[in-house]
Amino acid sequence: MADGLNRVTLLGNLGADPDLRYTQGGEPVLNARIATTESWFDKEANERKERTEWHNIVIWGKRGEALAKILRKGSSVLIEGSLRTSSYEDREGTKRYKTEVIASDVILAGGKPPGDAASQTAPANGGRTSAAKPARAAPPPSDEPADDIPF
């Protein structure tokens, strides 16, 4: 029997400033929500339609701490990671579920969010941060536009 694959790639924009917190053990964790929008042309209605989905993103460790200084509402990001679903009981005792993307790779996708340009400086590594050790070496920084975006 083959092992499964739990891999997610999202390209979207932050809907609000991310929230940096620390666990009781002092581990940084950055929570963010990004919106992805798909659009299509409805031939029957003869109009363009779109649908927006919201995704909860979790970035652990020093990467999350560093990204908290860079990311702002409106930032465009490419997130790679895996899905995790957890359950909890709300105040009324109803079982609720929450699905999050645990980010393993975060790429600043360009464009500047509204705000002070000085606070939008990208890291020296071309905007790519990895929440886990990458399986492959990152390419050297280049002034050329990236042609390896996976879509």
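Would you check which residues across region 5-48 are loosely packed, with under 10 Cβ neighbours inside 10 Å and farther than 25 Å from Gly61 by Cβ and list them?
Glu38, Ser39, Trp40, Phe41, Asp42, Lys43, Glu44, Ala45, Asn46, Glu47, Arg48
Quick one: is Tyr88 more than 18 Å from the chain's Cα centre (by Cα) and at pLDDT below 95? Give the steps one after another, and end with the answer.
Details: more than 18 Å from the chain's Cα centre (by Cα): yes; at pLDDT below 95: yes.
So Tyr88 fits the description; yes.
Could you check region 1-19 and list, in sequence order, the residues that are at pLDDT 95 or above and farther than 17 Å from Ile79 by Cα?
The answer is none; no residue qualifies.
I'd like the residue in region 71-99 that is of a type in the set (D, E, K, R), under 30 Å from Leu5 (Cβ atoms) and touching a residue at least 40 places away in the same chain (Cβ under 8 Å) and, out of all such residues, is surrounded by the most Cβ atoms within 10 Å (Cβ to Cβ). Give the derivation first.
The first filter runs over region 71-99 and keeps only residues of a type in the set (D, E, K, R), leaving 72-73, 80, 84, 89-92, 95-96, 98.
Next, from what is left, pick out any that are under 30 Å from Leu5 (Cβ atoms): 80, 84, 95-96, 98.
Within this subset, residues satisfying the condition of being touching a residue at least 40 places away in the same chain (Cβ under 8 Å) are 80, 98.
Values: Glu80: 17, Lys98: 10.
Looking at residues that are of a type in the set (D, E, K, R), under 30 Å from Leu5 (Cβ atoms) and touching a residue at least 40 places away in the same chain (Cβ under 8 Å), I get Glu80.
Could you tell me how many of the residues in region 11-60 are under 21 Å from Leu83 (Cβ atoms) and in contact with a Pro (Cβ under 6 Å, 6 or more places away or on another chain)?
2
If I filter region 9-24 for residues that are in a strand (DSSP E or B) and touching a helix residue (DSSP H, G or I) at 6+ places or on another chain (Cβ under 6 Å), do I get at least one hit? Let's see the steps before the verdict.
Keep residues of region 9-24 that are in a strand (DSSP E or B), which gives 9-14, 19-22.
Now restrict to residues that are touching a helix residue (DSSP H, G or I) at 6+ places or on another chain (Cβ under 6 Å): 20.
Looking for residues that are in a strand (DSSP E or B) and touching a helix residue (DSSP H, G or I) at 6+ places or on another chain (Cβ under 6 Å), one finds at least one in region 9-24, hence yes.
Kindly indicate whether any position in region 39-51 is in contact with a strand residue (DSSP E or B) (Cβ under 6 Å, 6 or more places away or on another chain) and closer than 15 Å to Glu100 by Cβ.
no
Sort through Trp60, Trp54 and tell me the only one that's aromatic (Phe, Trp, Tyr) and surrounded by 15 or more Cβ atoms within 10 Å (Cβ to Cβ). Full working, then the answer.
Details: Trp54 fails: surrounded by 15 or more Cβ atoms within 10 Å (Cβ to Cβ).
Testing whether each residue is aromatic (Phe, Trp, Tyr) and surrounded by 15 or more Cβ atoms within 10 Å (Cβ to Cβ) leaves just Trp60.
Looking at region 54-61, can you tell me whether even one residue there is outside any strand (DSSP E or B), modelled with pLDDT of 95 or more and of a type in the set (Gly, Ala, Ser)? Please lay out each step first, then the result.
So the first thing to find is which residues in region 54-61 are outside any strand (DSSP E or B), and the list is 61.
With the extra rule that they be modelled with pLDDT of 95 or more, the set shrinks to 61.
Applying the additional criterion that residues be of a type in the set (Gly, Ala, Ser) yields 61.
Looking through region 54-61, at least one residue is outside any strand (DSSP E or B), modelled with pLDDT of 95 or more and of a type in the set (Gly, Ala, Ser).
Is at least one residue of region 97-117 over 28 Å from Thr23 (Cα atoms), in a strand (DSSP E or B) and at pLDDT below 95?
As a first pass, look at region 97-117 and keep what is over 28 Å from Thr23 (Cα atoms): 109-117.
If we keep only those that are in a strand (DSSP E or B) as well, we get 109-110.
Subsequent filtering for residues that are at pLDDT below 95 retains 109-110.
Within region 97-117, one or more residues are over 28 Å from Thr23 (Cα atoms), in a strand (DSSP E or B) and at pLDDT below 95.
So, in region 75-95, how many residues would count as being assigned to a strand (DSSP E or B) and of a type in the set (Lys, Arg)? Talk me through it step by step, then tell me what you get.
The first filter runs over region 75-95 and keeps only residues assigned to a strand (DSSP E or B), leaving 76-89, 95.
Imposing the further condition that a residue be of a type in the set (Lys, Arg) reduces the set to 84, 95.
Matching residues across region 75-95 total 2.
The values are calculated or read from the model by the stated rules, or taken from the named source; none is laboratory data. All values reported here derive from a predicted model rather than from experimental measurement. Quick reminder, even Gly has a Cβ in these numbers, built from the backbone with ideal geometry, and neighbours come from all protein chains shown.
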